[in-house]
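The values are calculated or read from the model by the stated rules, or taken from the named source; none is laboratory data. Not measured: the values here are computed from a predicted model. Cβ placement follows ideal geometry from the backbone for every residue including glycine, while neighbour counts extend to all protein chains displayed. Accessible surface areas use protein heavy atoms only, side chains included; no ligands, DNA or RNA. Shrake-Rupley method; radii C 1.70, N 1.55, O 1.52, S 1.80 Å.
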Amino acid sequence: MCLDIRLHALARDLPREVWLGAFADDIGILFNCLDELMTIIDLMTEFASFSGLNVNVDKTILMSTIGRLKADVKDWVTSSPWPKLDTHSMYAK
């Protein structure tokens with residue numbers, strides 16, 4: 001029930017270009033830029049502060065659908081509130 005409330009709030013607070021999908025306790029989010037990712041992190045962190053439902057960052061993967069993630073994205077992640085976020089590219093060799 002709490003997760004459903006979070007998803008509705010995310011859908012309300014994020015730009016229309018961001019896609020949200022969920023099944024059970026898994027959430028998929030497609031976004032276009034790091035600003036949107038920072039908003040997602042902020043909203044999820046805020047939600048966790050009052051619900052106790054945290055994102056399991058150890059199981060969270062940041063993927064690119066257009067190729068390798070640029071080094072600046074990886075650098076950004078290491079200095080973000082979720083520095084353990086796995087930066088994986090679908091097309092990495």
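About its Cα centre, the dipole of the chain is roughly 320 debye, where the only charges are +1 on Lys and Arg Cβ and -1 on Asp and Glu Cβ.
Helix-derived [θ] at 222 nm for the chain: sum -39500 (n - 2.57) over DSSP H runs of at least 4, divide by residue count, nearest 500?
Numbers: 3 runs with 38 residues, N = 93.
Calculated at 222 nm, the ellipticity per residue is -13000 deg cm²/dmol.
Given a 1.4 Å probe and the protein chains as shown, F47 ends up with an accessible area of around 10 Å². Sorting D13, D72, D58 by solvent-accessible area of protein heavy atoms yields D58, D72, D13, largest first, with a 1.4 Å probe.
Defining a contact as two alpha carbons under 8 Å apart and six or more residues distant in sequence, what relative contact order in percent does the chain show?
Numbers: 89 pairs, mean separation 19.2, N = 93.
In percent, rounded to a whole number, it is 21.
Helices assigned as whole DSSP H runs in the chain whose Cα atoms extend at least 18 Å along their own long axis and whose mean Kyte-Doolittle hydropathy is -1.0 or higher are found at 34-51. Each of I40, I5, I27 has its accessible area taken with a 1.4 Å probe; listed largest first, they run I5, I27, I40. Using a simple spin-label model with pseudo-atoms 7 Å out from Cα toward Cβ, F50 and D26 lie 3.0 nm apart.
Summarise the accessible area of the chain (1.4 Å probe, protein heavy atoms) by the percent that is carbon and sulfur. The partial results should precede the final answer.
Numbers: 3720 of 6700 Å².
Carbon and sulfur: 55 percent of the exposed surface of the chain.
Residues whose amide H lies under 5 Å from that of T60, counting only those 5 or more places away or on a different chain, are D86; hydrogens are built 1.01 Å from N in the peptide plane. For the residues R6, R12, a 1.4 Å probe over the protein chains yields an accessible-area ranking, largest first, of R12, R6.
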